[in-house]
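My questions will all concern the structure given below.
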Amino acid sequence: MFWAQSKGIQSNFQSTWRRTHTALYECSKPIVVALERFAINGGAALALAADLLVVGDDSYLQVGEVRQGMAAPYNLAWLSLRHSENVIAQLTLTGKRFSGSELHRLGIAYAAPPTADAVSVAASLCNELAGYPSDALVTIKRMMRAFHDASANDWFDIATRNAPKRSGGPKRVS
């Protein structure tokens, strides 16, 4: 980590990471993601950026930053955009792995087919959506974002402003 910071890689990464999430937020077309195997921490944030997430039934997603003393601002931003505080708490406060089946039950995943079929199910969904008038998809997605009074930059500013730097390792509970 020190080497990365001394070379300026850390600051470049933060800027690139922010631009990535801003571009995903501002994308006018539906984003369909197929998750095979696992998405942990930053990978989970990318999976949660999906408008429609297809997760293999025995694959998992883990927002585990809490176990590292971190806040997971981008995971929190995407979860807050789409889910209840109860669902957000389950994923972020526990830091545990949630299987595709659990994510489907919680309403996070659109579908949880057998893992071997996740990509084909996502591709079929993409083909189905591609058959709809594209202006309808763009209009609906724009309206989904219109219910939030924040731009992409405002949305991610809120998430990152309240996220302190790493606070240290896990602590034992007596």
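Quick check on this structure: which one of ARG67, ARG18 is basic (Lys, Arg), closer than 28 Å to ASP149 by Cβ, touching a residue at least 40 places away in the same chain (Cβ under 8 Å) and in a helix (DSSP H, G or I)?
ARG18
Quick grid of which residues meet (1) of a type in the set (A, V, I, L, M, F, W, C); (2) over 15 Å from the mean Cα position of the chain (by Cα); (3) not in a helix (DSSP H, G or I):
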site	(1), (2), (3)
LEU81	yes, no, no
ALA89	yes, no, no
LEU93	yes, yes, no
SER101	no, yes, no
ALA109	yes, no, yes
ALA116	yes, yes, no
ALA123	yes, yes, no
GLU128	no, yes, no
ASP135	no, yes, no
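Residues ALA23, ALA34, ALA44: which one is surrounded by 23 or more Cβ atoms within 10 Å (Cβ to Cβ), part of a helix (DSSP H, G or I) and out of contact with any Phe, Trp or Tyr (no Cβ under 7 Å at 6 or more places or on another chain)?
None of the other options fit; the residue is ALA44.
Follow-up question, since we're still on this one. Take the conditions modelled with pLDDT under 95 and basic (Lys, Arg) and apply them to ARG166. Does it pass?
Judged against the criteria, ARG166 is a match.
For segment 5-15, state whether one or more residues are modelled with pLDDT under 95, under 17 Å from ALA159 (Cα atoms) and not aromatic (Phe, Trp, Tyr).
Scanning segment 5-15 turns up at least one residue that is modelled with pLDDT under 95, under 17 Å from ALA159 (Cα atoms) and not aromatic (Phe, Trp, Tyr).
If you don't mind, another one. Kindly indicate whether any position in segment 141-161 is free of Cβ contacts under 8 Å to residues at least 12 places away in the same chain, surrounded by 15 or more Cβ atoms within 10 Å (Cβ to Cβ), closer than 21 Å to TRP17 by Cα and within 17 Å of the chain's Cα centre (by Cα).
So far as segment 141-161 goes, yes, one or more of its residues are free of Cβ contacts under 8 Å to residues at least 12 places away in the same chain, surrounded by 15 or more Cβ atoms within 10 Å (Cβ to Cβ), closer than 21 Å to TRP17 by Cα and within 17 Å of the chain's Cα centre (by Cα).
Next question. Any residue at all in segment 92-115 that is at pLDDT 95 or above and within 21 Å of TRP17 (Cα to Cα)?
Yes, the conditions are met somewhere in segment 92-115.
The values are calculated or read from the model by the stated rules, or taken from the named source; none is laboratory data. Note that this is a predicted model, so its numbers are computed, not measured. Here Cβ is always computed from backbone atoms with ideal geometry, including for glycine, and neighbour counts include all displayed protein chains.
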